[in-house]
Structures are given as C-alpha cells and as structure tokens.
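The structure appears below as structure tokens.
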Amino acid sequence: MPSLLAFQFWDDECVVYNRLSGDTHLLPALHAEILQLITEGIRGDNLIARLIAEHAISHDEATELTSSLYKSYKSLGLVDSSWN
Amino acid sequence: MLISDLDCNTLKTHLSGQGLRFRTGPFSVSLRATIPAIARHIAKLYPHSETLDNDAFIDFHITTHQVAGLRRWLKPQVVFSFDGYKPFKPLPLAQAAAAFEWGLNWCIASSSHQYLIIHSAVVEKDGQAVILPGSPGSGKSTLCAALIHRGWRLFSDEMALLSAADGMIHSVPRPVSLKNQSIEIIKAFTQEPVWGERIEGTTKGDIEHMCAPDSSVRQPPTAIHAKYLVFPHYQSGCLTEITPLSKGRASMNLIENAFNFNILGHQGFEMVSDLVDSLECYDFTYPDLKQALDGIEQITSAKP
C-alpha cells in the first residue's frame with residue numbers, strides 16, 4: 001500500500017503531498033524529515049534521540065521542536081493521533 | 001487543407017451544417033454555429049488551422065447557437081454546448097466569439113487529463129521554452145503577445161499542456177486574448193497581427209483576440225522540454241526585479257495555477273516535481289512592456 005504522504009526534497013525545502021486530502025505543503029527540509037520519520041513510526045524518545053544524533057541539537061530543542069511540529073501536523077491531518 | 005483555403009460560403013456551410021472540423025494544437029474540434037460573428041472569428045483567427053475529414057476522430061463537439069424565442073429579438077443571447085451539455089449560462093450575442101473561446105478552454109481543462117494543464121503562456125525561441133504562469137492582471141498575455149512579435153514562437157497563451165506520457169509541453173497555439181488597456185499597448189507595439197472583433201462589456205472587460213502567427217501553428221516542434229519557469233508580475237512604477245525562486249516555492253505556485261492538479265492527484269504531484277526539477281525558476285516584476293521584454297531576454301540569455 002503506498003504511503004499516505006509523498007515527499008519532494010530540494011535543498012533546504014520540501015514539498016509534501018497528502019494523497020488522502022490532495023493538499024500540498026511547503027516545509028523546511030528538517031521539518032519534513034521529522035514528518036517523514038514520524039510516518040515511518042519513529043516517535044517520542046526515539047525520534048528525539050535520532051534528531052540529537054543527526055542534527056547536533058540539544059535534548060530540550062529536539063523535544064520542543066518535535067512536540068510543536070507534531071501538534072501542527074496533527075491539525076493538518078498529516079499524522080495520526082498516537083505519539084508514543 | 002487549411003481554414004484559410006475555404007471560401008466564405010463553404011465555411012458557413014460547414015458551420016451551419018454537420019460542423020466545421022479542424023485541429024487546434026493536439027485537439028480536434030467540430031464546431032457548429034449559425035452566428036455570423038463566429039464564422040468571422042474562425043475565418044480571421046484560425047486561418048492556419050488544418051481542416052479535418054468527416055471520418056476524423058473529434059475530441060470536442062461544440063455548438064454555439066442563438067437562444068430561440070423572444071430572446072432572438074429582445075436582448076439576444078448565445079449559448080455554448082459541448083456534446084449537448086451546456087456548462088454556462090447564455091451570454092449576450094455580441095459576446096459569441098468570447099463564448100466560443102472560453103467554452104473551448106473549458107472543454108480542454110475539464111476533460112484533457114492526459115495533460116497537467118497549467119494556467120500559463122508558453123513561448124519558445126532557439127529550443128528554449130519559457131513557461132509564464134499568471135493570475136489575472138499579471139500581464140501574462142500582454143507579455144506573450146509582445147514576445148511572439150519579437151522572435152518568440154507561441155506555444156500557448158492560456159494553458160500549458162504538460163504531457164503525462166512524455167513530460168513535454170505540448171503546443172496549443174490558439175488566438176491570444178487581450179483585455180482592456182493591453183489591447184492598445186500591443187497595437188502600439190506592433191502593426192503585424194491580425195485582430196478579431198472587439199468584444200465589449202464582458203465579465204473580464206473589453207476583449208480582442210489576436211491571431212496566432214502561422215509559424216506558431218504549423219511548424220514543428222509541437223512539443224518541447226521547458227527550460228524556464230517565470231512568474232510575471234506587472235506593477236506600474238516599480239523597478240524591474242528578477243528574483244531566483246526556490247524549487248519548493250515554484251512548485252507550490254505552479255500547483256496553484258494548475259487547473260486539474262486535484263484530478264491527477266499523486267501523478268500530478270510527480271509531474272510538477274519532475275518539471276520543476278528541470279527548470280530555472282524566477283519571480284519577475286516589471287513596470288512596462290519594454291522592461292518586460294528586456295527581462296525575459298536577460299533571463300534566457302545569461303544569469304540575471
């Protein structure tokens with residue numbers, strides 16, 4: 001079954017297409033990467049650990065960023081309701 | 001045989017009989033019409049179009065006829081129909097030619113989903129095609145009309161046809177529709193084109209159609225890979241500004257201008273992504289026609 005979301009990355013941006021709604025979203029590449037990880041099932045502490053390892057950001061920054069993005073993505077219908 | 005090879009009576013006989021069958025870009029049209037203004041419009045603005053035999057496959061069976069009854073005498077109206085379906089309310093009879101052009105646009109946009117259809121002009125020179133998407137007021141058609149009288153070939157004034165089969169832009173060189181002040185600007189710019197009749201008081205203002213040059217209609221290539229995506233913005237009194245546009249932003253802008261993106265769905269997304277990936281993308285703000293022409297030359301001849 002094809003993924004709900006399709007991603008097209010260019011430099012520091014990404015266009016995301018939602019097959020269910022037909023909507024497109026322009027996101028910073030890092031934010032789209034986080035969305036991609038969430039849709040692959042990497043969530044909660046695993047997601048935060050991955051960001052700290054790959055993007056040299058602090059635990060607090062990663063926690064705040066993922067929490068805030070998750071809320072946005074949930075309101076846009078890009079992710080389901082389970083976080084952990 | 002071309003439409004220009006038909007004498008006036010033969011043209012009218014076809015239009016009022018089984019229909020005048022002709023090709024415009026990749027599409028075949030059968031047009032039935034008894035309204036004299038439509039016959040004049042076709043004769044003047046589609047002279048280079050190839051006529052088709054009676055057994056040719058027809059994409060769009062179109063009829064434009066005058067509304068019958070009292071309406072024939074009191075505020076006469078024209079009605080457009082496609083395969084017997086009437087998608088629009090009747091228009092004043094004086095707007096019959098506009099009804100045909102808008103109706104044909106609707107036929108293409110609503111049923112030709114082998115293409116991603118982008119609200120855009122497309123011009124080509126020396127194998128370099130420029131896609132010029134534009135919302136109303138952007139100056140897209142004015143710029144397109146001027147470019148095709150400065151050595152550029154008209155691929156399309158109103159819609160870019162991006163083929164799902166080959167990823168190329170296919171030519172549909174129909175008359176260029178100019179509105180209001182743009183008409184006088186282009187008439188002052190060039191004496192070359194053949195013009196249709198002025199259509200006053202439409203929902204878009206006053207309109208005149210400019211004939212697509214013979215070279216645009218009949219010479220190959222009929223499909224090309226585009227090289228530039230330029231979003232024109234006319235702004236009186238501004239400074240000319242050519243700004244490289246990120247591919248992400250360009251994609252979003254292109255999708256906003258695509259008539260059938262939602263119908264094509266994920267395929268449309270992949271088509272836009274592949275197209276934008278291969279293009280140089282710019283936002284282009286200009287104050288007048290001369291600056292607009294110079295800007296397009298600058299974009300396509302060297303890095304701005």
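The values are calculated or read from the model by the stated rules, or taken from the named source; none is laboratory data. Nothing here was measured: the structure is a model prediction, and the numbers come from that model. Here Cβ is always computed from backbone atoms with ideal geometry, including for glycine, and neighbour counts include all displayed protein chains.
Some points to look at:
- Listed by first and then second residue, the pairs linking a residue in segment B:85-98 that is buried (at least 18 other Cβ atoms within 10 Å of the Cβ) to a residue that is in a helix (DSSP H, G or I), with Cβ atoms under 6 Å apart and 6 or more places separating them unless they lie on different chains, are B:L91/B:A99; B:A96/B:A37; B:A96/B:I38; B:A97/B:A37; B:A97/B:H41.
- Looking across segment B:120-132, the residues that are farther than 18 Å from B:T240 by Cα and not polar (S, T, N, Q) come down to B:A121, B:V122, B:V123, B:E124, B:K125, B:D126, B:G127, B:A129, B:V130, B:I131.
- Tally of residues being of a type in the set (A, V, I, L, M) and either free of Cβ contacts under 8 Å to residues at least 24 places away in the same chain or facing chain A (nearest Cβ under 7 Å) (or both) across segment B:251-266: 2
- Residue in segment B:221-232 that is touching a Cys at 6+ places or on another chain (Cβ under 8 Å), within 14 Å of chain A (Cβ to nearest Cβ), farther than 16 Å from B:S163 by Cβ and in a helix (DSSP H, G or I) present: no
- Residue ID - farthest from B:D5 (Cα to Cα), chosen from residues in segment B:196-220 that are in contact with a helix residue (DSSP H, G or I) (Cβ under 6 Å, 6 or more places away or on another chain) and not in a strand (DSSP E or B): B:G196
- Residue within segment B:258-280 that is in a strand (DSSP E or B), touching a Gly at 6+ places or on another chain (Cβ under 8 Å), under 18 Å from B:G134 (Cα atoms) and not basic (K, R) present: yes
- Qualifying strands (runs of 3 or more DSSP E) (wholly inside segment B:1-73; at least 3 residues being without any contact (Cβ under 8 Å) to a residue 60 or more places away in the chain and either touching a Pro at 6+ places or on another chain (Cβ under 8 Å) or surrounded by fewer than 19 Cβ atoms within 10 Å (Cβ to Cβ) (or both)): B:60-66
- Test result for B:E297, surrounded by fewer than 22 Cβ atoms within 10 Å (Cβ to Cβ), away from chain A (no Cβ under 14 Å) and assigned to a loop (DSSP other than H, G, I, E, B): no
- Complete set of residues in segment B:1-35 that are under 18 Å from the mean Cα position of the chain (by Cα) and closer than 18 Å to B:Q66 by Cβ: B:L31
- Test: residue in segment B:255-278 that is at pLDDT 95 or above, more than 18 Å from B:V122 (Cα to Cα) and touching a Lys or Arg at 6+ places or on another chain (Cβ under 6 Å): yes
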